[in-house]
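Since the structure comes first, as structure tokens, the remarks are kept for the end.
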Amino acid sequence: MIADTPGLMEAVRNRFAHVETCPFEGPRIFFENAGGALRLKSVIDTSATFAGYPDNQGRANPASQALMDTIARGKADMALFFNAPGGQCFVGESGTEILFRMIRTAALGAADGGQMLGSTLEHPASASAMARWAEVTGRPHRRVVHDDATGTVDVAAYRAALTPDTRVATIVHTSPVTGMAVDVEAIAAAIRQVAPECFIIVDGIQHASHGAVDVAAIGADGYALSPYKMFSRHGYGVGWASDRLTACPKEQIANGPAANWEMGTRDAGAYATFSDVVDYLDWLGAQFTESTDRRARLEAAGRAIRAHEERLIRAMLHGLDNLPGLAQMDGVQLIGGDAVEGREGVVSLRLAGMPSADLVEHLREQGIRVHIRKNDHYCSNILGPLGLEDCIRVSVCHYNTEDEVRRFLSAMQQAVERAAAAE
Ligand SMILES: Cc1ncc(COP(=O)(O)O)c(C=O)c1O
């Protein structure tokens, strides 16, 4: 456990910037990780260094060679992170753009006809891409309905909607609103059984900072990440595409390398900062395994992160010391139930008698940063069926501590009392 290894939590927190203090507002607890995780200090240094290089790739000089080596190393680190069985790792504009591009490529590359299949749990990035390219290619876009009570979608729901002519399927690995993970391996296996040729694209954007990624085990064709949600920075998204998805016709410079997914000149700094993330996870994993194998260390880091976050989430939901958890607080409504198992970093909730915007403000005054989620184009898929206009989202990562959860629970208890007094 991270917190049980002497000095390790301090060493972890020391690797990140702005852990305890917002540069704009002062001391605060950062529980807005699902909106963007804390940045590694190494990422900040690397970004500045690469921003300063004027050289371009593909020239016969040492600076150019260094940039190309950085990109090659970044791609190798991405492949390690994904546990990619071949295929291509690449950067794009954002997670949304990566999802749109892979879904578009799959929809246009698949055999004519058939259906496109996703779920109502998905973030609108993949759901909108599926809707658009289903319409353009003249296919129905079917959406399996998630379970409001558990905040997830299961294999049985997908199975009921599967047909042998399912051409493209999308699966969200973890919901960024309910925080609940999906059994992607089981769903992908069910899809392969019924529609072996289907292109399966996974949105791993909320999952990636909370446990290891293994596209080989999933058997997917595409997997998307947002580096700013996994300790890197804004400005790029990362994708992995299988060889068969890569073989589909893609937008590219005519007569350029056919396997290339990147469009135009790449930012070598983006690749370098992804390597910083992998180096960090490698270091963290090495605290928990003797193995010298980097993939084994990434997996060990994933297990350590999961175990620590489970402890935080359990405390948040079910109490810590003499403080009641959210599940015991009067007037608190949890979105997607109170399960600890399967929850990846997120608890969304409402408090009766206090508008969500006021609750965000109350927590801000107590030095705790969280975010409101509204029944809008981003979250209506989750909040709409529950008949809710908004909620607040509290999101943690492995560098958060039980003490921070304790302070959050105290602040929530005050909010509960204020809401009750106002009634
Ligand atoms: C699950 C999920 N998918 C997609 C996105 C969109 O990612 P990006 O902001 O990189 O476009 C998000 C962002 O919140 C997300 O949580």
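The values are calculated or read from the model by the stated rules, or taken from the named source; none is laboratory data. What you see is a predicted model; the values in this text were computed from it and never measured. Don't worry about glycine lacking a Cβ; one is built from the backbone with ideal geometry, like all the others, and counts go over all protein chains shown.
So, in the stretch 171-190, of the ones that are more than 27 Å from LEU317 (Cα to Cα) and in contact with a Lys or Arg (Cβ under 9 Å, 6 or more places away or on another chain), which residue ends up farthest from the ligand (Cβ to nearest atom)?
Looking at residues that are more than 27 Å from LEU317 (Cα to Cα) and in contact with a Lys or Arg (Cβ under 9 Å, 6 or more places away or on another chain), I get ALA190.
Condition check: more than 20 Å from the chain's Cα centre (by Cα), hydrophobic (A, V, I, L, M, F, W, C) and within 18 Å of ASP330 (Cβ to Cβ). Does ALA421 satisfy that?
For ALA421, the condition - more than 20 Å from the chain's Cα centre (by Cα), hydrophobic (A, V, I, L, M, F, W, C) and within 18 Å of ASP330 (Cβ to Cβ) - is met.
In the stretch 106-127, is there at least one residue being crowded, with 19+ Cβ neighbours inside 10 Å, charged (D, E, K, R) and within 17 Å of GLY237 (Cα to Cα)?
no
Being of a type in the set (Lys, Arg) and touching a Gly at 6+ places or on another chain (Cβ under 6 Å) narrows it down to one residue among ARG159, ARG132, ARG167; which is it?
Only one candidate qualifies: ARG167.
Looking at ALA181, is it more than 18 Å from the chain's Cα centre (by Cα) and either surrounded by 24 or more Cβ atoms within 10 Å (Cβ to Cβ) or at pLDDT 95 or above (or both)?
no
Considering only the stretch 191-212, state which residues are among the charged types (D, E, K, R) and either more than 12 Å from the ligand (Cβ to nearest atom) or free of Cβ contacts under 8 Å to residues at least 24 places away in the same chain (or both).
Within the stretch 191-212, ARG192, GLU197 meet the criteria.
Working only within the stretch 147-168, note down all residues that are within 16 Å of the ligand (Cβ to nearest atom) and free of Cβ contacts under 8 Å to residues at least 40 places away in the same chain.
Scanning the stretch 147-168 gives a single hit, VAL153.
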